[in-house]
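Nothing in this text is a laboratory measurement; each read-out follows from the coordinates by a stated rule. Keep in mind that what you see is a predicted model, and the values were worked out from it rather than measured. Cβ coordinates were reconstructed from backbone atoms using ideal geometry, including for glycine residues, and neighbour counts include every protein chain displayed.
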C-alpha cells in the first residue's frame, strides 16, 4: 500500500508530459464516420484538458473536455460531452 502515492505521482507526471506534447492546434485530415465533425476543420487542445472545434474561419463550433491515457500507443484522447 505504500507504493500507491508514488504510482499516482508517476501517473500524474506522465499525464502532464503528455498534455505538454498534445496541447496545440491540430488540423483534421480524416475522420470516421465521414461528416461526424460537421464543419470542424481544426481542434485546439489546451493543457487544462479543454478543447475547442474550429471551422475554416477559426470560429469556435463547440468546446468540451478531454482525457489522455499516456500508457497506450498510439496515443488516444477521450472527449467528454456536456450535452444532455
Exercise. Restricting attention to the range 13-32, does a residue exist that is in contact (Cβ under 8 Å) with a residue 12 or more places away in the chain, in contact with a strand residue (DSSP E or B) (Cβ under 8 Å, 6 or more places away or on another chain) and on the phi > 0 side of the Ramachandran plot?
Worked result: yes
Seminar exercise, completed: Over the range 1-58, the set of residues surrounded by fewer than 10 Cβ atoms within 10 Å (Cβ to Cβ) and assigned to a strand (DSSP E or B) is 27
Exercise. Assuming residue 76 fulfils every condition listed in (1) within 16 Å of the chain's Cα centre (by Cα); (2) surrounded by 13 or more Cβ atoms within 10 Å (Cβ to Cβ) apart from one, which condition is it?
Worked result: (2)
